[in-house]
Amino acid sequence: SLMVPRIRKHLGTKILGVPPHTTTYEFGVDEAGRGPLAGPVVCAACYLPPGIDVQGVMDSKQITNEEAREEVYRRLTTTEGVLWQVVKAEPALIDKINILQATLAAMRLASIGLCHQLIHQNINNNKILDCHQAMQYSQIEFSSSEEELSSTFSILVDGNKDPFQGHSMTESSGLSLESRAIIGGDATVPCISAASIIAKVSRDRIMNQIHEQYPEYNFLNHKGYGTSTHRALISKYGWIEGIHRTSFNPVKTMVANHVQPRNQKILDIVSHKNDKIKSEMNAPQIDDTISLQEEMDPLDQLSVADLRSKCAALGLDTVVKRDQGPKGTGRIRTVLLERIRQHSSTDPPVLVSSSSSSSNQAKEEPVPQHDAPSSLSSEQYRRSKRHRTSNTTSTEHAMC
């Protein structure tokens, strides 16, 4: 378990070994996020100077509007003399030592951090520490000063559990504190109310950042609590390792049934894709340059003007009407290419050999022969053949 070092706890008003003229600092401690299925539990310790009354400070649960809580948080943190420390316990620690012990540990560390701030004015307000960071901060060796030797701390904790009660600690020179748990303190003690607002706003901001990573879980609205919507989304998308608490149901049951976390599934998919890419990269490369060159059609390299010239040379129509070809850019080019390719694909007449077997003649219908008259040139013969082909095509379209 997490130990808070070098702190001497003393319950009562008389503290031995402390000079008679002492400074007593009273501050409140509260938490936010013990019950959710996801995210950290966040604890805050807050000191309000005597006579300071910040407008709107009350139990954070009574301020249902998030913007209103942010406004009270702004007033608190900008008021001169107000000091605070925030510590969070992540899901991994919660699952390891249970939610109660994780909360009490974060409360102790937040309290010790604030004690150091009050004594040494070592302000660390703007940073939320996790328990391990706060532990390292609490272990920093501070020189014993007159202020330290003459300071006592009264810690008021919301709830029915005193985080310092029964906790083993070693002595620290002159650092003396007393702690007390107050049921309903967040609604009756101003410094606890202030701590509850700081803890709540700090945790909401953390959950809003998690929402940006996983917007499909809608953390922005439910903040990780076990609403019906959140439970349904866990069933749909799976649980997130490092975000959801595996000691809380329904994730606890999913883990018991060996259901992989969502981020592990993604890692498996990415790993599979990477393996596939590597295998493809290691496969022998085939030089298909020649085959690609053989497949290239020279006609595709010609401009529209060149295509018109070629059509004219083949005796084909070079005019493209508006209703011909597909709509859009490249219509004229497409029509001209189609005419040239149709002309090129027209095979010369095939003569049936007299030696063909009777079986082949039975299977294949005789191809009508149109021998070119000797008086016609080859070019004239091709033109007449194209004319017959176009007439045949027009007749077939008309029949359809």
Mean accessible surface per residue for the stretch 53-130, computed with a 1.4 Å probe while every protein chain stays in place, in Å²: 45
Ordering Met207, Met135 by how much accessible area each has at a 1.4 Å probe, largest first, what is the list? Met135, Met207
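Per residue, how big is the convex hull of the stretch 58-116 when only Cα atoms are used? Give it in Å³.
Looking at the stretch 58-116, the number lands at 111 Å³ per residue.
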How far apart, in nm, are the 7 Å Cα→Cβ label points at Glu216 and Thr78? 4.0
Which order do Tyr217, Tyr225 take by accessible area at a 1.4 Å probe, largest first? Tyr225, Tyr217
When you count, for each residue, the other Cβ atoms within 10 Å and take the mean per peptide, how do 30-43, 85-98, 47-60, 302-315 rank with the highest first? 30-43, 85-98, 47-60, 302-315
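The values are calculated or read from the model by the stated rules, or taken from the named source; none is laboratory data. Source: prediction; values computed, not measured. Note that we place each Cβ from the backbone using ideal geometry, even for glycine, and neighbour counts take in every protein chain shown. Ligands, DNA and RNA are excluded from the accessible area calculation, which covers all protein heavy atoms including side chains. Shrake-Rupley method; radii C 1.70, N 1.55, O 1.52, S 1.80 Å.
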